[in-house]
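For reference, the structure discussed in these notes is given below.
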Amino acid sequence: MWWCFSLFAVAASGTWLNRAVAGPALLTLLFQGSTHLTEQITLRKYPLYAEYQRTTSRLLPWRPGPRMGAGVLR
């Protein structure tokens, strides 16, 4: 949703680099960092979670490729 708002700001200003892009970029980084931390905590608590990580894409709903493993940063 925030990326859509920033695209409206880009369209209104006519320039790609403006302050409206900073918010969604920082929120995306925060979300990625907290997701990585949560995945690590869950893996330590439930060892079988590694199999789930191997067979499930972390954020986007598609089938993971052969490169995706428990120790691979996704």
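The values are calculated or read from the model by the stated rules, or taken from the named source; none is laboratory data. In this text the structure is predicted, and so the values were computed from the model without any measurement. Methodologically, a virtual Cβ is constructed for each residue, glycine included, from the backbone with ideal geometry; neighbour enumeration extends over all protein chains shown.
If you filter the stretch 30-62 down to residues that are among the charged types (D, E, K, R) and under 26 Å from Trp2 (Cα atoms), you find that the one that is modelled with the highest pLDDT is Glu39. Looking at Ala22, is it out of contact with any Lys or Arg (no Cβ under 6 Å at 6 or more places or on another chain) and either closer than 23 Å to Leu60 by Cβ or without any contact (Cβ under 8 Å) to a residue 12 or more places away in the chain (or both)? Here the answer is yes, as Ala22 does meet what is asked.
In the stretch 1-19, the residues that are assigned to a helix (DSSP H, G or I) and surrounded by 12 or more Cβ atoms within 10 Å (Cβ to Cβ) form Cβ pairs under 9 Å with partners that are charged (D, E, K, R) and modelled with pLDDT under 90, at six or more places apart or across chains, as follows: Ala9/Arg19.
How many residues does the stretch 20-59 hold that are part of a loop (DSSP other than H, G, I, E, B), surrounded by 12 or more Cβ atoms within 10 Å (Cβ to Cβ) and not polar (S, T, N, Q)?
Residues of the stretch 20-59 part of a loop (DSSP other than H, G, I, E, B): 46-48, 56-59.
Now drop any that are not surrounded by 12 or more Cβ atoms within 10 Å (Cβ to Cβ), which leaves 56-58.
Adding the requirement that they be not polar (S, T, N, Q) leaves 58.
The qualifying residues number 1.
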